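One structure is given here, and the rest of the page talks about it.
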Amino acid sequence: MEILNKPELLKIEGGLTISGSLISSMVRGITVILELGRSLGTAIRRVAGNNLCPL
(Lines give C-alpha, C1' and ligand atoms only; values in the text may rest on other atoms or scores of the structure.)
Protein backbone atom coordinates (compact mmCIF):
# COMPACT_ATOMS: atom_id res chain seq x y z
CA MET A 1 0.00 0.00 0.00
CA GLU A 2 1.35 3.40 -0.98
CA ILE A 3 1.16 6.36 1.41
CA LEU A 4 -0.08 9.57 -0.21
CA ASN A 5 1.24 13.01 0.62
CA LYS A 6 -0.96 16.06 1.25
CA PRO A 7 -1.11 17.41 -2.36
CA GLU A 8 -2.06 13.95 -3.64
CA LEU A 9 -4.76 13.63 -0.99
CA LEU A 10 -6.23 16.99 -2.03
CA LYS A 11 -6.58 15.76 -5.63
CA ILE A 12 -8.81 12.82 -4.70
CA GLU A 13 -12.36 13.25 -5.94
CA GLY A 14 -15.33 11.15 -4.98
CA GLY A 15 -18.72 11.26 -3.49
CA LEU A 16 -22.17 9.87 -3.37
CA THR A 17 -24.07 9.30 -6.56
CA ILE A 18 -27.82 9.00 -6.42
CA SER A 19 -29.09 6.52 -8.97
CA GLY A 20 -32.59 5.83 -10.15
CA SER A 21 -32.72 2.50 -8.37
CA LEU A 22 -31.79 4.16 -5.06
CA ILE A 23 -34.59 6.72 -5.44
CA SER A 24 -37.04 4.00 -6.47
CA SER A 25 -36.25 1.85 -3.44
CA MET A 26 -36.57 4.84 -1.10
CA VAL A 27 -39.99 5.73 -2.56
CA ARG A 28 -41.08 2.10 -2.27
CA GLY A 29 -39.98 2.03 1.37
CA ILE A 30 -41.86 5.24 2.18
CA THR A 31 -44.95 3.84 0.45
CA VAL A 32 -44.80 0.67 2.55
CA ILE A 33 -44.48 2.69 5.78
CA LEU A 34 -47.44 4.89 4.82
CA GLU A 35 -49.56 1.84 3.94
CA LEU A 36 -48.72 0.20 7.28
CA GLY A 37 -49.73 3.38 9.10
CA ARG A 38 -52.98 3.57 7.18
CA SER A 39 -53.81 -0.06 7.98
CA LEU A 40 -52.97 0.38 11.65
CA GLY A 41 -55.06 3.56 11.87
CA THR A 42 -58.03 1.84 10.23
CA ALA A 43 -57.75 -1.10 12.64
CA ILE A 44 -57.61 1.21 15.66
CA ARG A 45 -60.60 3.20 14.40
CA ARG A 46 -62.65 0.02 13.81
CA VAL A 47 -61.85 -1.35 17.27
CA ALA A 48 -62.59 1.99 18.96
CA GLY A 49 -65.86 2.42 17.09
CA ASN A 50 -66.90 -1.20 17.70
CA ASN A 51 -67.24 -1.74 13.92
CA LEU A 52 -65.82 -5.24 13.72
CA CYS A 53 -67.18 -7.89 11.39
CA PRO A 54 -68.29 -11.10 13.12
CA LEU A 55 -66.20 -14.12 12.17
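Full extension of the chain between Leu52 and Glu13 gives 8.1 nm of extra length, using 0.36 nm per residue less the Cα-Cα distance.
State in Å² the accessible area per residue of the chain; use a 1.4 Å probe, count heavy atoms of protein chains only, and round to the nearest integer.
Numbers: 5550 Å² over 55 residues.
Per residue, the chain has 101 Å² of solvent-accessible surface.
Only protein atoms count toward the accessible area here, which uses a 1.4 Å probe; on the chain, the carbon and sulfur part of that area reaches 66 percent.
Here the Debye sum runs over all C-alpha atoms of the stretch 14-54 as equal scatterers in vacuum, and log10 of I(q)/I(0) at q = 0.15, 0.33 Å⁻¹ comes out as -0.54, -1.00.
The values are calculated or read from the model by the stated rules, or taken from the named source; none is laboratory data. None of the values given here were measured: they were computed from a predicted structure. The accessibility values were calculated without ligands, DNA or RNA, using every heavy atom of the protein model including side chains. Shrake-Rupley method; radii C 1.70, N 1.55, O 1.52, S 1.80 Å.
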